[in-house]
Structures are given as C-alpha cells and as structure tokens.
Amino acid sequence: EELLDDALRLLKSVVSDPSNDMFSTLGPAGRMQQLDCQLINYLKSTTNDLTEAARIAIRMLVEDEFILDDAYITSLDALIEYVGSESSEINAERSSDARLELTAIKSAAILEHKDSNRSFSRKYGSSKTMRTYRSASVKSDADYETQHALANECRRTGVT
C-alpha cells in the first residue's frame, strides 16, 4: 500500500510537466490507469475488497475517454468478480447474465488486443495501445434488464 501511495505522490508531482521522462511513452492519464490497475489488483489480492476494486474499474471505464487495453481488461476482471461476489446483491440469474456479458466483452477485447498488437508492432515496433471505450449494445429486452439491474446494483451499493 505504501508503494502505491508513493507512486501516486510521484505521479501527482510531475503531472504538470509533460516533458518529464515518465511521460515519454505514455501520458499522465495512461500512467494513472496503470496505477489504478495496480490498486485494483492490490485490493483484490490483499483485502478482497471487490466493491472498491469495482468502483475504480467503473471510474476508468466511464470517466476516461481512452483506456489502455490492459486497464480495460483489468477493469472487466474486477467487475466480473464483483458481480459474482456476495458483495453484489444482484439476483443469481441476473448476476449470471451480467457475468456472461462481461466475460464476452473481455474475450472480444483480448482478441482485439492481440490483433491490434500484431499490426501495431509491425508498423511501430511497440505494443502500447489505447482503445476508445464503447459500451456493449443492447440486443434484447433480457440484455437491457441485465444491464439495468447491474447499473441499479452499482448505484445502490455506491459503485460509481
């Protein structure tokens, strides 16, 4: 936890200097996403605080215009774990539907990430990629009800 606090302090101290070496390959928002991913992993592995991990994940998915592929996948993992946990009070059927939908989104993101890395690496020699977050389209009333239930559960438990 102390290392995460130190990293956050360092990032905040140099964020106003875009020429800082820390931002030579990735901007301040990307560095913050990397830190958020570490915090999500820390919360899941040490305190099992899936609610707070989900809050951080949702913040990245909703507030950030662009998201690193790794941060996107880490966020989806946190939400999948949260939806399936006892912390979530979504009924079993909706929880299962939400987990399936999130898992499908994650699988698609992983495939897209692999494909984009192949073409991006050939062209630029680097595998750092960003994505514009797009929510899943609602295909049916059941999808709508599942997404609506998930959104209500997030609001009810303060996950925003």
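The values are calculated or read from the model by the stated rules, or taken from the named source; none is laboratory data. Quantities reported herein were computed from a predicted structural model and do not represent experimental measurements. All Cβ positions, even for glycine, are placed from backbone atoms using ideal geometry, and neighbour counts span all protein chains on display.
Give just the number: which of (1) modelled with pLDDT of 90 or more; (2) over 21 Å from D36 (Cβ atoms) does E89 not satisfy?
The failed condition is (1).
When region 11-21 is examined, which residues are found to be assigned to a helix (DSSP H, G or I) and either without any contact (Cβ under 8 Å) to a residue 12 or more places away in the chain or among the basic types (K, R) (or both)? Lay out the reasoning, then the answer.
Just the residues of region 11-21 that are assigned to a helix (DSSP H, G or I), to begin with: 11-14, 21.
The answer is K12, S13, V14, D21.
Residue-by-condition table, conditions (1) out of contact with any Ser or Thr (no Cβ under 7 Å at 6 or more places or on another chain); (2) acidic (D, E); (3) closer than 18 Å to L4 by Cβ:
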position: T25; (1), (2), (3): yes, no, no
position: M32; (1), (2), (3): yes, no, yes
position: V62; (1), (2), (3): yes, no, no
position: D70; (1), (2), (3): yes, yes, yes
position: S75; (1), (2), (3): yes, no, yes
position: S87; (1), (2), (3): no, no, no
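Are any residues in region 67-93 within 11 Å of A54 (Cα to Cα), out of contact with any Phe, Trp or Tyr (no Cβ under 8 Å at 6 or more places or on another chain) and either among the charged types (D, E, K, R) or in contact (Cβ under 8 Å) with a residue 40 or more places away in the chain (or both), and if so, which ones?
Answer for region 67-93, where residues must be within 11 Å of A54 (Cα to Cα), out of contact with any Phe, Trp or Tyr (no Cβ under 8 Å at 6 or more places or on another chain) and either among the charged types (D, E, K, R) or in contact (Cβ under 8 Å) with a residue 40 or more places away in the chain (or both): D77, E81, Y82, V83, S87.
Would you confirm whether or not region 31-43 contains a residue that is within 20 Å of I110 (Cβ to Cβ), part of a helix (DSSP H, G or I), at pLDDT 90 or above and of a type in the set (F, W, Y)?
There is no residue in region 31-43 that is within 20 Å of I110 (Cβ to Cβ), part of a helix (DSSP H, G or I), at pLDDT 90 or above and of a type in the set (F, W, Y).
Give me the residue from region 64-86 that is under 15 Å from the mean Cα position of the chain (by Cα) and charged (D, E, K, R) and, out of that set, nearest to C37 (Cα to Cα). Break it down into steps so the answer makes sense when it comes.
The initial filter retains those residues of region 64-86 that are under 15 Å from the mean Cα position of the chain (by Cα), namely 64-83.
Those still in the list that are charged (D, E, K, R) too: 64-65, 69-70, 77, 81.
Details: D64: 14, E65: 16, D69: 11, D70: 8, D77: 11, E81: 15 Å.
The extreme case among them is D70.
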